[in-house]
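Only one structure is covered here, and it is reproduced in the block below.
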């Protein structure tokens with residue numbers, strides 16, 4: 001069985017790097033998280049995520065029951081975290097477009113606490129996602145497949161991103177000129193790759209390292 005071991009600032013980036021070198025999709029591989037990332041204190045004790053990715057012959061989709069277990073655990077964790085933070089909100093798992101979300105919903109549309117949970121450019125939301133992922137991985141010993149969202153911020157972000165990427169890919173296919181997108185995290189890059197794959201005459205790949213990693217959309221050779 002072909003396998004590769006890679007590290008990165010996050011589990012997603014380490015997995016993406018390994019999948020790219022193996023030339024397979026996530027559905028064609030088994031992922032073992034050897035080490036979760038850790039920020040450390042003042043840079044001391046920091047560690048990157050480490051994964052081992054093994055190619056397998058057939059997809060092994062996550063069952064609905066497994067996703068429900070992951071979502072329930074993430075919801076319990078987030079409810080406890082919000083309670084300790086003194087934030088009143090509803091946490092609800094919900095399946096949408098094939099993705100299991102764990103939604104955090106405030107008491108009112110203009111709830112300032114929800115803005116704090118999202119953070120500038122979604123950075124705090126990304127931290128909540130990583131914390132929930134770590135809890136799921138440690139408790140269930142599986143690769144987490146749920147997505148944490150706050151007031152549909154991520155869903156709106158994905159809708160805008162998908163529309164923009166589709167327009168860009170169609171333009172690249174029409175003009176024959178490659179275009180680079182702005183740096184983005186592994187979750188968003190996967191959305192970009194999936195969207196470009198639906199556009200005839202265009203293809204995509206990732207380049208760069210760490211926070212500078214981005215997607216390049218090219219005309220299909």
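Since every read-out is calculated from the coordinates, none of them should be taken as a lab result. Computed from a prediction, not measured in an experiment: that's the story for all the values here. We place every Cβ from the backbone using ideal geometry, glycine too, and count neighbours over all the protein chains shown.
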Residue-span extension gain [residue 28 to residue 4] - 0.36 nm each, minus C-alpha spacing | 7.3 nm
Find how much the distance from residue 35 to residue 179 grows on full extension, using 0.36 nm per residue of separation minus their present alpha carbon separation; answer in nm with one decimal.
-> 48.4 nm
For the stretch 157-219, the Kirkwood Rh over every pair of distinct alpha carbons, in Å, works out to 11.3
Cα axis of helix 64-85 to longest principal axis of the chain: angle in degrees, 0 to 90, nearest 10?
-> 50
The chain, Gaussian network, Cα under 10 Å: of 106, 176, 137, the residue fluctuating most is 176
Return the distance in nm (one decimal) between the two label points of a simple spin-label model at residue 123 and residue 145, each offset 7 Å from Cα along Cα→Cβ.
-> 3.2
Taking neighbour Cβ counts within 10 Å as the exposure measure, how do 187, 77 sort from fewest upward?
-> 187, 77
Considering the chain as a Gaussian network with a 10 Å cut-off on Cα pairs, which listed residue, 104, 53, 142, attains the greatest mean-square fluctuation?
-> 142
Going by how many other Cβ atoms sit within 10 Å of their own, how do 195, 124 line up, fewest first?
-> 124, 195
Percent of beta bridges antiparallel (DSSP, the stretch 62-154, rounded to nearest 5) = 60
For 66, 113, what's the fewest-to-most ordering of other Cβ within 10 Å of each Cβ?
-> 66, 113
If eta is 0.890 mPa s and T is 25 °C, what Stokes-Einstein diffusion coefficient results for the stretch 103-165, Kirkwood Rh from Cα pairs, in µm²/s?
-> 192
One would report the antiparallel percent of DSSP beta bridges in the chain, rounded to the nearest 5, as 85
So what is the relative contact order for the chain, in percent, with contacts set as C-alpha pairs under 8 Å and at least six apart?
-> 14
In nanometres, what is the gap between the two model label sites at residue 110 and residue 84, each 7 Å from Cα along Cα-to-Cβ?
-> 3.2
Overall Cα dimensions of the chain, principal axis frame, Å, largest first = 54, 43, 40
In deg cm²/dmol and to the nearest 500, what is the mean residue ellipticity at 222 nm of the chain if only DSSP H runs of at least 4 residues count, each as -39500 (n - 2.57), divided by the residue total?
-> -14000 deg cm²/dmol
Base-10 log of normalised Debye intensity for the stretch 117-199 (one unit scatterer per alpha-carbon) at q = 0.18, 0.23, 0.24 Å⁻¹ | -0.84, -1.11, -1.17
Specify the angular offset, from 0 to 90 degrees and rounded to the nearest 10, of the alpha carbon long axis of helix 153-175 from the longest principal axis of the alpha carbons in the chain.
-> 10
Looking only at 169, 94, 18, which one moves most when the chain is put into a Gaussian network model with springs between Cα atoms under 10 Å?
-> 94
